[in-house]
Amino acid sequence: MSTATLDLPRINPLMRSLPIFLREARYEFIRLLRTRSFSFSVVGFPVVFYLFFGIIMNRGQQIGAISVAKYVLASYAVFGMVGAALFGIGVGLAADLAAGWLDLKRASPMPPLAYVLAKCCSAVFFGILIVSLLALMGITLGNVSLSFAEYARMIALTVAGVIPFVCMGLALSLLVPFSSAPGIINMIYLPMSFCGGLWVPLMFLPHFMQTLAVLMPTYHLGQLMLGAFGYASTGTTLSHWYGLLGFTLLMLGIAAIGLRRLEQNS
Amino acid sequence: MSAVLELAKAIPEPFPIPSVEAVASLDRVTKRFPNGVIALADLSLTLRRGEVVALLGPNGAGKSTAVKLLMGLSSPTSGTVSIFGADPRNHAARMRTGVMLQVGKAPEMLRVREHIEVFRGYYPNPMAYADLIQVAGLMGIESRFFGQLSGGQKQRVLFALALAGDPDLVFLDEPTVGLDVKSRRGMWAQIELLAARDKTVLLTTHYLEEADSLAQRIVVIDKGRIVCEGTPAEVKSLGSAAPGTETGTSVKIIRCATTIPTHVLLNIPGVTSATVNGELTTILTRQAESTMRELLALDLSLHSMDVQSPKLEDAFLALTGDHE
């Protein structure tokens, strides 16, 4: 019995994968943008929160030399990008897993990394969109003076800062069934944002919560964002990066366990 | 069940190994899940170039496990799986394979055209876009969102995705579920065209009519094992012979409403089985005429009588049902 053999032209795999990855990322972003239940809430929440708590409640207020609207801009920017990453990856991947769509993708010649990177990039794009929108609101409605360098630092922090939360979304999507994913993610996202000082600046929280905040990845990213404006209140820049790195590794470890469990059962 | 298995073994190998190349194979594959469930037990299956093979079996028989193993989505506990002589996870093997799975929900906010473009992009030499639209019957709905489509239209989009790379080997898992008669016939015609172009198709289905008219070879599996394998005609005769008769040629199925108890029916010469389903009694007999005469004599109130030759469906039930 003869056996058919494989004979394919050899093309540099990277050159072949690049257009696949770009197309995958573009359509993932378009898809999420069109999914109103996602885009409205993920963009809408930080916008509305910032409008109320950053701009309307604190019109022209200063604490010392610090403009409240600008101070709060940093924390709501973080709140927005974390939501985009958690819901985009966590709920999106859980849905693809539950529906068998991921199986179809895995059985196709799509490079698996293209799928993950596309989801990741899409979360970064949403993060940039939210941060830019909040910055624009701050400048036009809240009299925030934002230098170009500060805006550039915000965007750079968005690109890097989304990654730990993408990993968290990945871990959650592998552990949590799709039907309960949105609820569970909200139950983690909202308390984590509050405890990390994203809603109310950390100094106004009770002392024990200030101590607890060190465990929150939102706290570390929030402090880094404040640092981009020169406002950081506690800890060194390096300690916050370590905090985020540690959290990322923890989430990747949990995701690896979830992935192994999934493979054993398939 | 054991009688069936013996019969299956007694039938001479219906396919003297042809010289046609093997495209995909499961070789003595066992799949045991961590919870102890054995989905496949020492199962061997070979697909040869240009043939349409239907995998038939009740729910939980191991059909989808077999397909998942062949697609490299799952790995066997023991045994080997090979596609084009390579591991199914091999990238080059996947380039020549197309898959249609039962997908609950594809991303709904992408248009039909966009879904097809994404999948065509995975292959260096995809099928022409216009051809795909034609083959899958998607004319006029290319700009719709996937979420807006009817169940049948969704199935046709998934069919198009399976064919996007113009693959040599196609796995179709229940391809015509939810299709109306016209679209089903349309898809059958396309599957026949695939075979005519020397493509290999593995089809799982619970529409026996579909397996009957499309497949050159039917593989019936139950509880992770192959129960029988052969052309549709062979499977039919095997199934009607199943309850312990020597030949299946003259077996008839009699259905009627009668008050005669089963143990009496089983004593009528020629009757091999009798089962009661609600009002109707189903009797399998090798001597239809004399059995009918006896039945009418025994029960004057007998009515609604209907006599049939066994169909693939009956064979299927006989082969996979329990005969304690």
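Of all residues in the stretch A:99-114, those satisfying the criterion of being more than 7 Å from chain B (Cβ to nearest Cβ), farther than 14 Å from B:L73 by Cβ and outside any loop (DSSP other than H, G, I, E, B) are A:L113, A:A114. Checking every residue in the stretch B:222-244 against the condition of being touching a Leu at 6+ places or on another chain (Cβ under 7 Å), farther than 25 Å from B:L40 by Cβ, among the aliphatic types (A, V, I, L, M) and at pLDDT below 85 gives at least one match. Residues in the stretch A:63-86 that are farther than 20 Å from A:Y219 by Cβ and touching a helix residue (DSSP H, G or I) at 6+ places or on another chain (Cβ under 7 Å): A:A69 alone. None of A:L250, A:L262 is part of a helix (DSSP H, G or I), among the aliphatic types (A, V, I, L, M), surrounded by fewer than 17 Cβ atoms within 10 Å (Cβ to Cβ) and within 14 Å of chain B (Cβ to nearest Cβ) except A:L262. The selection criterion, being closer than 23 Å to B:G72 by Cβ and within 14 Å of chain A (Cβ to nearest Cβ), holds for B:G165.
Residue count for the stretch A:240-266 under the criterion of being hydroxyl-bearing (S, T, Y) and either at pLDDT 95 or above or under 19 Å from the mean Cα position of the chain (by Cα) (or both): the result is 2.
The helices (runs of 4 or more DSSP H) located wholly in the stretch B:1-105 that include 3 or more residues which are more than 14 Å from chain A (Cβ to nearest Cβ) and modelled with pLDDT under 90 occupy B:2-10.
Among the residues of the stretch B:106-144, the ones that are surrounded by fewer than 17 Cβ atoms within 10 Å (Cβ to Cβ), under 21 Å from A:R36 (Cβ atoms) and either at pLDDT below 95 or touching a strand residue (DSSP E or B) at 6+ places or on another chain (Cβ under 6 Å) (or both) come to 2 in all. Each residue in the stretch B:145-176 was checked for being under 20 Å from the mean Cα position of the chain (by Cα) and over 26 Å from B:V23 (Cα atoms), and 1 pass.
The values are calculated or read from the model by the stated rules, or taken from the named source; none is laboratory data. Worth saying up front: this structure is predicted, and the values here are computed from it rather than measured. Here Cβ is always computed from backbone atoms with ideal geometry, including for glycine, and neighbour counts include all displayed protein chains.
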